[in-house]
1. Looking at the range 44-59, can you tell me whether even one residue there is of a type in the set (D, E, K, R), over 14 Å from Val122 (Cα atoms) and at pLDDT 95 or above?
2. When you scan the range 193-202, do you find a residue that is among the basic types (Lys, Arg), surrounded by fewer than 24 Cβ atoms within 10 Å (Cβ to Cβ) and within 13 Å of the ligand (Cβ to nearest atom), even just one?
3. Here is a check on your reading of the model: is Ala304 over 19 Å from the mean Cα position of the chain (by Cα), assigned by TED's automatic domain parsing to the domain that holds Arg230 and more than 25 Å from Gln176 (Cα to Cα)?
4. Here are Ala358, Ala352: which of them is buried (at least 19 other Cβ atoms within 10 Å of the Cβ), touching a residue at least 60 places away in the same chain (Cβ under 8 Å), in the same structural domain as Arg279 (by TED's automatic domain parsing) and not in a strand (DSSP E or B)?
5. Can you tell me how many residues within the range 73-130 are within 16 Å of the ligand (Cβ to nearest atom) and in a loop (DSSP other than H, G, I, E, B)?
6. Go through the range 173-217 residue by residue and tally those that are out of contact with any strand residue (DSSP E or B) (no Cβ under 8 Å at 6 or more places or on another chain) and closer than 25 Å to Gln278 by Cβ.
7. Could you list all residues from the range 290-325 that are among the aliphatic types (A, V, I, L, M) and closer than 11 Å to Phe339 by Cα?
8. Tell me, which residue of the range 320-347 that is assigned to a loop (DSSP other than H, G, I, E, B) and within 13 Å of the ligand (Cβ to nearest atom) is nearest to Arg293 (Cα to Cα)?
Amino acid sequence: MTDDVAARATAGFRSAYGAEPAGRWAAPGRANLIGEHTDYNDGFVLPFALSLRTVAAAATQPGETWTVWSELTGETVSFGAAEVAAPGRVTGWAAYVAGVVWALREAGHAVPGARLAIASDVPLGSGLSSSAALESAVLAALVDLGGLDLPAERRPRLAQRAENAYVGAPTGIMDQSAAIRCRAGHALFLDCRDESVEHIPFDLDAAGLAMLVVDSRAPHRHADGEYAARRKSCEHGAEQLGVPALRDVDVAGLDDALVRLDDDETRRRVRHVVTEDQRVLDTVALLRAGRIREIGPLLTASHASMRDDFEITVPEIDTAVEAALAAGALGARMTGGGFGGCVLALVDATAAETVAAAVTAAYAERGFTTPGHVTVLPGPGATRLD
Ligand code: GAF
């Protein structure tokens, strides 16, 4: 897969610029095993990288000009110092690239002019973080081409700044951290407050298990506005409780905290975040102990919390989870920001196709668009290919 996508990026570079790239850099999409909407609450997340990747073939060019070809449109977009002087001057998919250049310059780096060609296997709009994959591949390319001093652990913040401030999406730090810092065969236990990480072994094969990713094919309904609204609710809750972030509310003190909140909606949002942080810690403890089969109920509880308390699921997603569980999945949950996207189902390796077929049948019964499905293994983070 990666070979194909890398070959497409190279072919795109050659045809757009009539030259050879100096190198190719890849960054993956991600699935989040557990820990949803906890990142911007300074909490815990546990994503893993997919083998689906975005590849940037790139070379420097003189002056302060950046030119990007994408297989998405088959067109090139060019921008210069004026467009990266302030957020919002480049729009559409190229804004993610311009945002990275802008954020690097803001941080004082001398970004070399460059030509880039982008190809990707990460599906757009499926909640697998194609935007972070694009930012992270471009960032890796520009850092290497310019010989910039920016170690991997400092890159996620910079890519997040590109997305928050240049593109204008108020996302947390999880997706860029996953795209940059994940390791093959491991999930990434990230403390979003201090950005410390632990690579937790996540060997599905050895446990006779598989991770089924079901693409709900549900159209994203008001996802941007709803995401921002959830973030505001959480900030409101933290303010009322007098804590810097919901991370500072312990699950043992949750009931006391809830009675101090002034409305039911905020109570539900706070309960989701506080219990979700605990579920991440519990999942990590089980994985550290090699008890991978036992994480299923935590995944399912996370889904119930997203459905009932955080209210970010949609009928297609709930149908996929229910059908997967009824067909024998050990646990299932929506992954990502919500309002569509993908469902993860932890299944016995031998049951993957049966579970996928059960989800497809449940969709047909309800008249939903046929879902997609694939089994995945935890892959590596961003890397230079050659
Ligand atoms: C999206 C965001 F980009 C992440 O930062 C995170 O908040 C996630 O939704 C929800 O867990 O992917």
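The values are calculated or read from the model by the stated rules, or taken from the named source; none is laboratory data. Just so it is clear, the model here is predicted, and its values are computed rather than measured. As a convention, Cβ positions derive from the backbone with ideal geometry for all residues, glycine included, and neighbour counts pool all protein chains shown.
1. Filtering the range 44-59 down to residues of a type in the set (D, E, K, R) leaves 53.
Pick out the ones that are also over 14 Å from Val122 (Cα atoms) and you get none.
Scanning the range 44-59, I find no residue that is of a type in the set (D, E, K, R), over 14 Å from Val122 (Cα atoms) and at pLDDT 95 or above, so the answer is no.
2. First, pick out the residues of the range 193-202 that are among the basic types (Lys, Arg): 193.
This time we only want the ones that are surrounded by fewer than 24 Cβ atoms within 10 Å (Cβ to Cβ), so: 193.
Okay, now just the ones that are also within 13 Å of the ligand (Cβ to nearest atom), so none.
No, there is no match, as no residue in the range 193-202 is among the basic types (Lys, Arg), surrounded by fewer than 24 Cβ atoms within 10 Å (Cβ to Cβ) and within 13 Å of the ligand (Cβ to nearest atom).
3. Numbers: over 19 Å from the mean Cα position of the chain (by Cα): yes; assigned by TED's automatic domain parsing to the domain that holds Arg230: yes; more than 25 Å from Gln176 (Cα to Cα): yes.
Taking the combined requirement at face value, the residue satisfies it.
4. Details: Ala358 fails: touching a residue at least 60 places away in the same chain (Cβ under 8 Å).
Exactly one of Ala358, Ala352 is buried (at least 19 other Cβ atoms within 10 Å of the Cβ), touching a residue at least 60 places away in the same chain (Cβ under 8 Å), in the same structural domain as Arg279 (by TED's automatic domain parsing) and not in a strand (DSSP E or B), namely Ala352.
5. Looking only at that region, the number is 8.
6. Our first condition is that a residue be out of contact with any strand residue (DSSP E or B) (no Cβ under 8 Å at 6 or more places or on another chain); within the range 173-217, this holds for 176, 193-195, 203, 205-207.
Of the ones still in play, those that are also closer than 25 Å to Gln278 by Cβ are 176, 193-195, 203, 207.
Residues in the range 173-217 being out of contact with any strand residue (DSSP E or B) (no Cβ under 8 Å at 6 or more places or on another chain) and closer than 25 Å to Gln278 by Cβ: 6 in total.
7. So in the range 290-325, the residues among the aliphatic types (A, V, I, L, M) come out as 292, 295, 298-299, 301, 304, 306, 312, 314, 317, 320-321, 323-325.
Listed by number, the residues that qualify are Met306, Ile312, Val314, Ile317.
8. Keep residues of the range 320-347 that are assigned to a loop (DSSP other than H, G, I, E, B), which gives 327-330, 336-341.
Cutting the leftovers down to within 13 Å of the ligand (Cβ to nearest atom) gives us 336-341.
Details: Gly336: 22, Gly337: 25, Gly338: 25, Phe339: 28, Gly340: 26, Gly341: 24 Å.
Selected residue: Gly336.
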